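Report on the following structure.
The values are calculated or read from the model by the stated rules, or taken from the named source; none is laboratory data. This structure is a prediction, so every number in the text was calculated from the model and none was measured. All Cβ positions, glycine included, derive from the backbone under ideal geometry; neighbour counts span all protein chains shown.
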Amino acid sequence: MDVELLEKFFRNQCTPEEVQQVLRWMSDPDEKDNTLRELEAYWNSLDPYTSEIAHDQEKILQLIQEKLPPSNTLSATQDTKPKGRNVPLFTPTFLKVAAVLFIIFSATFLFTQFFSESNSTVPVELVTRQNPAGQKSTFQLPDGSKVKLNAQSTLTYPPTFTDTSRVLHLEGEAFFEVAEDQQRPFTVIAQGLTTTALGTSFNVKAYTGDEASIALVSGKVQVALADASKTNNQTFYLKPGESVTYHQNADSLGVAEFNLEDLAWREGILVFHHASFVEVTKELERWYGVSFLVQGTQSQPWDISGQFKNENLENVLLNLGYAESFDFAIDEKQVTITFK
């Protein structure tokens, strides 16, 4: 058997025709005996005390055997073997050969790409937590981390995290209290930013159309552009009280201090800091799940600052209407604002 073809097979790079060729070779001991003996001799010649390849031989064999299909026989076709004869495919000798190839031809790639992916028939269904406008939720992740998910936000993650990482995708806003795990970094990908932590608490705000921002409350996080190929990509390590904002128009990141009041949404407090009319109505739409119809024109630009704790929409609009001179009408999920 051509060694290069074997390498392609164990790298999962064979064409369907080449796969059949390798499988036919595996099922025919008359063709593979010499090659098996040579590879087995090479395997046995390795010094288990000095050779990195021979290190943990039994562990490697066990990993391979666990990933193999439950059946260890392959029925021969009529044109290669007598009718009714079954030929052992995964013999101890073959396992040793597979172990050699496993190490020589990149153990990591082989394990993840060939034995894991190509033999897997059931795709992993991700968990999706989604809040419509006007709704917030609190829940726990598989690793024990806690999440507060804001309105009009979606968080997607696997039902079980891997042994080496915890990766989530966010659209909208969420606050994370991360369970510490030094072996598995906690990574949130949102609106062009990747935020990585081990054990910490931080807020990610990444609504479509708005500038994405990360605010660190405790611990330490690493923030970088999700597209690592960008020449202007920078990595920032935030300290508590710092935030980083992704300015999409300039495709750049900026670090600044933030006020904890900016995260008051977690306690049901609606906060405005020098907000314009567009910013106010957009936030009210998310907060209360309504839409706005505007009649007339505002007399001057809005510069709204203030807090509303667990207030209903009517009370918020009464206060804003008094300050900015407008009337309003609420018809179920439709709010009409009429400037005086």
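Numbers for the structure displayed
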{"read-out": "Yes/no for D181 being of a type outside the set (G, A, S), at pLDDT below 90 and within 18 Å of the chain's Cα centre (by Cα)", "value": "no"}
{"read-out": "Strands (runs of 3 or more DSSP E) contained entirely in the stretch 210-251, each with at least 2 residues that are crowded, with 16+ Cβ neighbours inside 10 Å and among the polar types (S, T, N, Q)", "value": "242-247"}
{"read-out": "Pairs with Cβ under 9 Å, 6+ apart, first in the stretch 314-330 and more than 14 Å from W302 (Cα to Cα), second small (G, A, S)", "value": "D327/G321; F328/G321"}
